[in-house]
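Here the structure comes first, spelled out in structure tokens, and everything after it is commentary.
Coordinate-derived values only; no laboratory data. These numbers come from a predicted model, not from an experiment. Positions of Cβ are generated from backbone atoms using ideal geometry, with glycine treated the same way; all protein chains shown enter the neighbour counts.
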Amino acid sequence: MAVFEIPSKLIEALRRVREVAVLTGSGISAESGVPTFRDARAGLWSKFRPEDLATPEAFQRNSTLVWEWYAWRRELVAKAQPNAGHLALVELERRRPRFTLITQNVDGLHQRAGNRKVIELHGNITRTKCFEEDVAVETWTETGETPPRCPRCGGRLRPDVVWFGETLSPEAVERAVTASRSCELFLSVGTSTLVHPAAALPFEALHHGATVVEINPDPTPLTNHAHHVFQGLAGGILPELVRLW
Ligand code: BV8
């Protein structure tokens with residue numbers, strides 16, 4: 001168990017605050033065996049940069065390759081279980097009714113852990129939609145062709161995630177910004193804080209007077225601005241924070 005000090009000032013703040021917002025990135029799923037976004041290049045995928053696969057242009061250029069990459073990631077996610085970090089956020093939601101969990105992750109592990117109020121800024125890898133119609137597709141005929149075809153229009157199917165260069169759901173962004181601006185405490189967990197507009201949320205909280213806490217083994221653009229920084233793993237730090245909460 002990593003030994004880390006939780007300042008009494010933070011413990012007091014944890015106990016006083018009523019409204020909490022949390023932003024998570026792929027780092028919180030790393031201890032569940034889901035490679036972080038920057039590391040989602042094991043084996044076959046090591047020669048590709050995720051930013052070069054997670055775009056509509058990449059899909060137009062080579063939809064089979066992009067579909068296979070997501071099929072590989074879907075398999076990893078299906079085998080993964082929520083870890084102690086995910087479960088700590090379920091306990092936190094139970095204790096703080098005014099709690100908003102904003103995730104950049106597409107793995108659905110927060111919902112599988114038991115969180116109910118989850119804003120999925122970047123979609124969900126387990127959902128599929130038609131690339132042409134941009135409408136959800138639940139079932140289709142497997143013909144061996146990849147990507148499979150839309151049963152309605154015959155267009156190519158794609159994962160229901162937000163690619164680089166695509167706009168996020170305005171409703172999701174609106175809810176995430178509102179929560180970031182109104183919370184008294186903002187936890188930023190397991191994100192490199194590089195991808196916008198998600199990366200701006202901790203700063204929205206900061207500028208609106210919230211106490212901002214970062215949990216990440218590595219420094220990020222937020223590190224020098226956060227009130228409290230825990231350079232360590234979410235699976236060890238989050239349960240300890242919530243235990244003292
Ligand atoms: C948009 C889904 C309008 C797909 C993803 C403003 C400024 C600069 C650039 C832009 C901007 N506005 C828009 C852009 C362009 C772009 C962008 O931000 N580019 C970046 C690279 C500079 N943004 C967009 O295109 C967005 N669309 O804004 O539309 C527009 C469009 C164009 C131009 C202007 C406006 C869409 C962004 C969404 C992209 N889709 N995911 C998929 O997953 O396949 S993003 C993807 O990367 C992930 O979902 C994740 O959100 C994101 C970042 O990854 P992280 O989660 O942070 O993971 P990462 O690997 O980077 O880091 C993991 C962290 O965890 C590390 O820090 C590590 O230290 C830590 N860690 C590891 N283990 C642990 C841990 N922490 C704790 N515990 C551990 N155990």
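Over the Cα atoms of segment 44-150, Rg to Rh with Kirkwood Rh, two decimal places?
When Rh is taken as the Kirkwood radius, the ratio is 1.03.
Can you give the local net charge around residue 193? Use residues other than it whose beta-carbon is closer than 13 angstrom to its beta-carbon, Lys and Arg +1, Asp and Glu -1.
Surrounding charge for residue 193 is -2.
Compute the angle between helix 170-182 and the longest alpha-carbon principal axis of the chain, please, reported from 0 to 90 degrees and rounded to the nearest 10.
Long axis of 170-182 versus the principal axis of the chain: about 10 degrees.
Taking a cut-off of 26 Å, what percent of all Cα-Cα pairs in the chain are separated by more than that? Spell out each step's value before the answer.
On the way: 11787 of 29890 pairs.
I get 39 percent for the Cα pairs in the chain exceeding 26 Å.
Relative to the Cα centre, what is the charge dipole magnitude of the chain, using +1 at the beta carbon of each Lys and Arg, -1 at the beta carbon of each Asp and Glu, and rounding to the nearest 20 debye?
The calculated dipole for the chain is roughly 500 debye.
Hey, what's the per residue convex hull volume over the C-alpha atoms of segment 70-207, in cubic angstrom?
That works out to 125 Å³ per residue.
For helix 234-244, what angle does its Cα long axis make with the longest principal axis of the chain, in degrees from 0 to 90 and rounded to 10?
40
Please name whichever of 131, 244, 65 sits farthest to the positive end of the charge dipole of the chain, dipole taken about the Cα centre and charges placed at Cβ: Lys and Arg +1, Asp and Glu -1.
244
Quick one: helix 84-95 against the long Cα principal axis of the chain, what's the angle to the nearest 10°, folded into 0 to 90?
Roughly 60 degrees, rounded to the nearest 10.
Let me check I've understood the local charge: for residue 206, count other residues with C-beta under 14 angstrom from its C-beta, Lys and Arg +1, Asp and Glu -1. What total comes out? Mind showing how you got there, number by number?
On the way: positive: 181; negative: 184, 204, 214.
Summing Lys and Arg as +1 and Asp and Glu as -1 gives -2.
Would you calculate a helix-derived [θ] at 222 nm for the chain, using -39,500 (n - 2.57) for each DSSP H run of n ≥ 4 and dividing by the full residue count, to the nearest 500? Spell out each step's value before the answer.
Working: 10 runs with 88 residues, N = 245.
The per-residue figure over the chain is -10000 deg cm²/dmol.
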